[in-house]
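Some notes on the structure that comes next.
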Amino acid sequence: MQIATHQQGPGDAFLSARGIHKRFGALVVLDNIDFSMGQSDAIGIVGPNGAGKTTLLSALAGAFAPNAGTITFDGRNVTALSAAERCRSGLVRTHQVPKPFSGMTTFENVFVAASHGDSVSRDEAYERVIDSLTLCGMLGVANRQADTLGLLDRKRLELARALATRPKLMLLDEIGGGLTDGEASELVATILELRRRGIGIVWIEHIVHILLQVAERLICMDAGRIIADGEPRAVMADAGVVKAYLGGTSA
Amino acid sequence: MTLASNGISIERWTRSSRLALGGVALALALFAIAPLTLGAGAIDRMTALFIYVILAAMWNALAGFGGLVSVGQQVFFGLGAYFTIRLADTGLNPFLALFAAAIITGAISLPLSFFMLRLKGGEFAIGMWVISALTHMLVNLDRLIQGETGTSLISLNVYDINTRRVVIYWLALASMAALLGILFALLRSRAGAAIQAIRDNEDAATSLGVRVVATKRLLFVLAAFGIAIAGALWLATATTFQPKTYFSVQWTAYMIFMVLIGGIGKFEGAILGAVLFFVIETFFGAMGVWYLIGLGATAVLFSLFLPQGLWGEIERRFDLRLLPVGYRVKLPGPPKIQWNQ
Ligand SMILES: Nc1ncnc2c1ncn2[C@@H]1O[C@H](COP(=O)(O)OP(=O)(O)OP(=O)(O)O)[C@@H](O)[C@H]1O
Ligand SMILES: [Mg+2]
């Protein structure tokens, strides 16, 4: 159901997805998803395990082509573009299971992102890397080989790399799981800084109270569909959402 | 380089690496004048060493840095030699033919890459071997080659044997130096960082804006070109061309051996591996089958006990980086304590 009024007309949508279908074999994982957002929106996505949240993010970022549907970003139809080209046009994602370049140092990991997002001079790329590492609290481990990093730092590395591409819009997938309260508020501060820089945010997270400090709109997915979309507190109170969380899939 | 903002600097050369670069320059200069004092046999052996270094460096770049493990690289070795024969037969100067053949082989590897780079992991490795076997058969069909009987680079005979030997030595030396220089520059460039990123995680690289296929293609073509030069030079020293000796998987086995014992994914490792292989071959090469068994056993022992190779071990123990391709961040720490006041 549609709860609130955040839905934009297609004219001013910065990122939009229309009629997205995705199947893995016989399993329908995304079932006719419609979604759109403005340039500096901050949107949270919640939903039970297996709801299709990561799959939606991957479709938006271009990790694979959906079986049907259209994705537009920044005024362009990007449905046929590779993930690399979408990144270069300002749409970047992080991975739920971190994917570090394990044979390279933290600095080098971020340098890859900084020097391939668009054409920059080497010095500019260095500045970006240092800025990202500073913002994500990773300067101290800059020279560590990535395969020696713990899970927390690997998640930070996902964020730092994505940020170093100079994105207009970031798609974040469970970067806050397993954090202490202190770490969580650091993360929230970092994301709020990204927002201050004008970067749009789509953030999948199970820990709703962290999400609510950033998101001004919440989407709940279940069984490949968007079952609620709107003002965060209203979404959390929605009967369908409560049911999805309590009783598995709500068909 | 120091960043203006906060005193942080990015270090790409260390003092030891500057010294090493000087050492490399000196060694190359000494190699260049060495034929004045070396005997004929020694000159030929050194030529072989230079060719081994090229082979090891190319396979290391491909597999160690790019994650493209191939067991069919002998195809480019064979084609380098084959096109040299073909071009020399049309009347081209044989020394020019060596390099023209490498360029042709590199050019052929480009369309080949469109098919091969779609394959992943083991499929790519075996696929390259299949390509090599097919190419070997096609080359055998060429009348000029006379099947497995083979043929010779007869046009070299117009040169006096001693001149020829030294010219080939110098060409091998120059090719080795140039190819190592190109590889080093590539691996230190942004493309080099992308190459390693693709090796470690292709999905992540793509999602950060790296053009994966184009980057792999660059590496694939460069490796084909370099290995073709090695094949052409080998032909120049051996003069006879029998397809089965050039398209033999033995060449790739040697490349893998050199890279594994020297240190895979380390620029210095491949060079060290080639030198070790050269020494082993010099002392034990005449022992036939036992030599091959010894090589195999050495490779197994290294992969069990020194998986980073000899250079990896040296680098770890002494924190030594002679030819670094990476980046070090220097944070502005507190001023160093002066002990000798
Ligand atoms: N590559 C794949 N092949 C087959 N099935 C897949 C694949 N990726 C995801 N799935 C399935 O699609 C469904 C949705 O997965 P997805 O990862 O999108 O869920 P999610 O909402 O992100 O869950 P979680 O909260 O656990 O991360 C699951 O049933 C999953 O098993
Ligand atoms: Mg998920």
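The values are calculated or read from the model by the stated rules, or taken from the named source; none is laboratory data. Bear in mind the structure is a predicted one, so any value in this text is a computation, not a measurement. Methodologically, a virtual Cβ is constructed for each residue, glycine included, from the backbone with ideal geometry; neighbour enumeration extends over all protein chains shown. When the accessible area is computed, the model is the full protein with side chains, heavy atoms only, and any ligands, DNA or RNA have been set aside. Shrake-Rupley method; radii C 1.70, N 1.55, O 1.52, S 1.80 Å.
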Excluding ligands, DNA and RNA, what is the accessible area buried between chains A and B, summed over both sides, using a 1.4 Å probe, to the nearest 100 Å²? 2900
When chain B is treated as a GNM, springs tying every alpha-carbon pair under 10 Å, which of B:58, B:176, B:46 comes out with the largest mean-square fluctuation? B:46
Charges only on Cβ, +1 for Lys and Arg, -1 for Asp and Glu: so what's the dipole of region B:2-330 about the Cα centre, in debye to the nearest 20? 760
Using a Gaussian network for chain A with springs between C-alpha atoms less than 10 Å apart, which of these wobbles most: A:52, A:150, A:177? A:150
Could you please state how large a percent of the accessible area of region B:137-233 is carbon and sulfur, counting protein chains only and using a 1.4 Å probe? 65
Work from the charge dipole of chain B (Cβ charges, +1 for Lys and Arg, -1 for Asp and Glu, about the Cα centre) and give the residue of B:174, B:156, B:265 farthest towards its positive end. B:265
Spelling out what I want: for every residue of region A:129-144, take phi, set θ = phi - 60°, compute 6.51 cos²θ - 1.76 cosθ + 1.60 (Karplus), and round to whole Hz; glycine and proline get x. 4, 4, 4, 5, 5, 5, 4, 8, x, 10, 4, x, 10, 4, 9, 6
Ratio of Rg to Rh over region A:100-166 (Cα coordinates, Kirkwood Rh, two decimals): 0.94
Around residue B:107: net Lys/Arg minus Asp/Glu count, Cβ-Cβ under 15 Å: +2
Got a sec to turn the phi values of region B:147-164 into Karplus ³J(HN,Hα) couplings, 6.51 cos²θ - 1.76 cosθ + 1.60 with θ = phi - 60°, whole Hz, x for Gly and Pro? x, 6, 4, x, 8, 10, 8, 5, 5, 5, 5, 5, 8, 4, 4, 6, 4, 4
Pop out the carbon and sulfur fraction of the accessible area of region A:100-166 as a percent, whole number, probe 1.4 Å. 48
Are there trypsin sites (Lys or Arg not before Pro) in region B:84-137 that DSSP marks as loop and that have at most 14 other Cβ atoms within 10 Å, and which are they? B:118, B:120
Taking the Cα centre of each part, how many Å lie between region A:14-54 and region A:57-80? 11
Drop in accessible area of at least 40 Å² in the complex versus isolated chain, residues of region A:102-147, 1.4 Å probe: A:104, A:107, A:108, A:111, A:112, A:116, A:122, A:126, A:127, A:130, A:139, A:143
When each of A:99/A:243; A:22/B:266; B:216/B:244; A:22/A:155; A:53/B:266 is checked by Cα-Cα distance, pairs over 31 Å: A:99/A:243; A:22/B:266; A:53/B:266
Charges at C-beta only: +1 for Lys and Arg, -1 for Asp and Glu. How large is the resulting dipole of chain A about its Cα centre, in Debye rounded to 20? 460
Highest-fluctuation residue, B:69, B:325, B:167 considered, GNM on chain B with Cα pairs under 10 Å: B:167
Average accessible area per residue (Å²) across region A:109-158 - probe 1.4 Å, nucleic acids and ligands excluded: 36
Please report, in debye to the nearest 20, how large the charge dipole of region B:23-152 is about its Cα centre when each Lys and Arg carries +1 at its beta carbon and each Asp and Glu carries -1 there. 200
